[in-house]
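This report refers to the structure that appears directly beneath it.
The values are calculated or read from the model by the stated rules, or taken from the named source; none is laboratory data. For clarity, every value in this text was computed on a predicted model and none was experimentally measured. Glycine gets a Cβ as well: all are built from the backbone with ideal geometry, and neighbour counts include every protein chain shown.
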Amino acid sequence: MDILQQVLQPLQGADWSAWLRALGYIALGLVLRNLVVHGMRKYVDNHTSPHKAILFRRAMSYTVLFIFLLIALSELGFHSGVLLAVAGVLSVAIGFASQTSTSNFISGLFLLGEKSFKVGDVVGVQNTRGEVISIDWLAIKIRTFDNLYVRVPNDDLIKGHVINFSKFAIRRIDLQMWLALDTDIVALETLLAEVARGHDMILSEPLPELFRLSIGVLGVQVQWSVWAQQEGFFTARSKLIDLMLPAMHNAGVVITQTPSVVQGQDNSYRMPYP
């Protein structure tokens with residue numbers, strides 16, 4: 001109660017001129033904050049990664065505002081000792097109430113050091129896949145492929161698995177098929193190799209491969225794998241399918257389908273994002 005009275009006492013004795021000066025300092029702080037952030041934007045954006053630039057600009061913004069807030073409070077008669085005492089009490093209370101936020105903040109520092117992903121990368125976190133649009137102190141923001149906004153706490157990223165689909169320059173396209181038992185796999189492999197050579201977005205190195213995955217009474221399961229640049233991955237996969245289907249049809253290759261009851265799982269189509 002004594003601390004509260006000491007805090008409120010300057011407000012009771014402050015005149016209008018002190019209030020005006022305090023508001024003036026706050027307004028000046030807002031203006032300088034904008035000037036500092038705008039002036040540093042070009043340098044920071046050109047010399048650091050996008051997510052570091054965002055965090056640095058926000059840290060500078062909060063620092064400038066905090067300094068001018070202290071100056072404004074001193075104009076109203078607040079003493080630094082009283083402010084520190086109140087800050088100590090509040091920090092203890094906030095510390096107990098925001099353990100999760102503290103954990104997320106510390107996790108964000110680890111993520112910043114790891115450089116596992118950056119703004120613009122396509123990532124997968126649990127069942128969420130999309131583009132990273134913001135990396136903050138407590139969480140990252142993701143825009144999914146169906147244009148949904150998802151916030152993922154940093155603590156979940158540290159504890160769980162994160163897949164970065166944009167980390168490397170090339171990616172592998174995997175297409176699985178069930179074929180009839182009498183299919184000439186060697187001839188099919190030669191045919192698909194010709195299809196891949198006619199696709200300008202498919203890389204010649206690493207070499208395309210046809211993997212034999214399984215065999216049963218309903219057919220042979222194979223996987224056709226080729227490599228493409230990360231940029232334009234979806235287009236390359238779609239064009240590859242468009243070229244494969246007529247070539248396989250003309251060669252008499254029969255694609256079969258395995259019922260879900262045989263495999264013991266749901267074979268319904270799922271868009272393999274990304």
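For the reader, a short list of remarks on this structure follows.
- Filter result for the condition that a residue is aliphatic (A, V, I, L, M), modelled with pLDDT of 50 or more, surrounded by 12 or more Cβ atoms within 10 Å (Cβ to Cβ) and assigned to a helix (DSSP H, G or I), over Leu23, Leu35: Leu23
- Tally, over region 151-189, of residues that are in a strand (DSSP E or B) and touching a residue at least 24 places away in the same chain (Cβ under 8 Å): 15
- Contact map, region 106-122: residues that are in the same structural domain as Asn154 (by TED's automatic domain parsing) paired with residues that are aromatic (Phe, Trp, Tyr) and part of a loop (DSSP other than H, G, I, E, B), Cβ distance under 9 Å, separation 6+ or inter-chain. Pairs shown: Asp121/Phe165; Val122/Phe145; Val122/Phe165; Val122/Tyr273.
- Ser166 fulfils the conditions (1) farther than 30 Å from Ala59 by Cβ; (2) touching an Asp or Glu at 6+ places or on another chain (Cβ under 6 Å); (3) crowded, with 17+ Cβ neighbours inside 10 Å except for a single criterion, (1).
- Taking first residues from region 18-34 that are at positive phi and partners that are of a type in the set (Phe, Trp, Tyr) and assigned to a helix (DSSP H, G or I), no Cβ contact under 6 Å between residues at least 6 apart in sequence or on separate chains turns up.
- Entry remark, region 216-229: residues being in a strand (DSSP E or B) and surrounded by fewer than 13 Cβ atoms within 10 Å (Cβ to Cβ) number 1 in total.
- Selected residue (criterion: modelled with the lowest pLDDT) from residues of region 168-224 that are among the small types (Gly, Ala, Ser) and either under 19 Å from Ala251 (Cβ atoms) or touching a strand residue (DSSP E or B) at 6+ places or on another chain (Cβ under 8 Å) (or both): Gly198
- Yes/no for Arg197 being surrounded by fewer than 17 Cβ atoms within 10 Å (Cβ to Cβ), farther than 21 Å from Val122 by Cα and touching a helix residue (DSSP H, G or I) at 6+ places or on another chain (Cβ under 8 Å): no
- Positions within region 131-148 being over 14 Å from Lys118 (Cα atoms) and under 11 Å from the mean Cα position of the chain (by Cα), in sequence order: Thr144
- The set of residues in region 185-203 that are farther than 11 Å from Leu240 by Cα and either over 31 Å from the mean Cα position of the chain (by Cα) or not assigned by TED's automatic domain parsing to the domain that holds Gln223 (or both) comprises Ile185, Val186, Ala187, Leu188, Glu189, Thr190, Leu191, Ala193, Glu194.
- Pairs linking a residue in region 229-256 that is more than 17 Å from Asp174 (Cβ to Cβ) and among the β-branched types (Val, Ile, Thr) to a residue that is at pLDDT 90 or above and not in a loop (DSSP other than H, G, I, E, B), with Cβ atoms under 7 Å and 6 or more positions apart or on different chains, are Val253/Leu179; Val253/Leu188; Val254/Leu179; Thr256/Trp178; Thr256/Leu179.
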